[in-house]
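Scroll down for the structure; my scribbles are underneath it.
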Amino acid sequence: ELKNQLEASRQGFGLELSPTALEEVDVITGGFGAEFGSALSGVVSYTTRRGNPDRWESRAALTTDHWAPESIFRGFTGLNLSVGGPLKFLGNGATLFADLHAQGMLDADVPGRGLTCLTEEDSGDDLATAIRNIRSNPGSAPLYCPYESGMIPNQRGDKLIAFARFDKPLSATWNITSSVLRNRSQRELYTSEFKYNPTYQLGQRFTGTLANLNAEWLKEGRA
């Protein structure tokens, strides 16, 4: 997920990058400069992929757990497509990279499947009493770790991430880079009131778009 530097949150931004759109990820734990904003203890810096300047390359991948037995089935399916290469009609060095990630989930909130993994010995008296009540009640016992119950109904979701990056050297010292990131994610919100309603369900939907245009000037000098 991408952090909103204006308010130090992720929820309001509603943006994330697909792993296949990343070329490099660095974890910086100290000694970082002012360009990283209000970071205090550490920074995760990422570099997005760019098209190959010599030839076109493409990749397609499909992942799913619909083949899995019920004990480990989570209802996940993901499709990823990416392509990148040179745009020779725009001159030498001009490249384009595009990545599309689509994901569907029968259970969009995996942590909602269970309430706690704490044991009575690791908690205080009040929490230990609550854990005993959960485990002794047949209706809530499956919610205790290891979460042996089935998926919560009406909690489906999907996610779509689209990313494109264009690079073009203008001269020996000037380069321009532009990118566009588009996110859309949505999920149903389980409530007991709508449990048996086949038509209407509560839901949550986030959309976000981030566009960047960068001009870079580089010059090498002899010492």
Under the Karplus relation with 6.51, -1.76 and 1.60 and θ = phi - 60°, whole-Hz ³J(HN,Hα) for segment 208-221, x at Gly and Pro, equal x, 9, 10, 10, 10, 9, 10, 10, 10, 10, 10, 9, 9, x
When every protein chain stays in place and a 1.4 Å probe is rolled, 32, 163 sorted by accessible area with the largest first are 32, 163
With the 1.4 Å probe rolled over protein heavy atoms, segment 17-66 has an accessible area per residue in Å² of 72 Å²
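The values are calculated or read from the model by the stated rules, or taken from the named source; none is laboratory data. Just so we're clear, the structure is a prediction, and the values are computed from it rather than from any experiment. Each accessible area value is taken on the protein alone, full model and side chains, heavy atoms only, with ligands, DNA and RNA left out. Shrake-Rupley method; radii C 1.70, N 1.55, O 1.52, S 1.80 Å.
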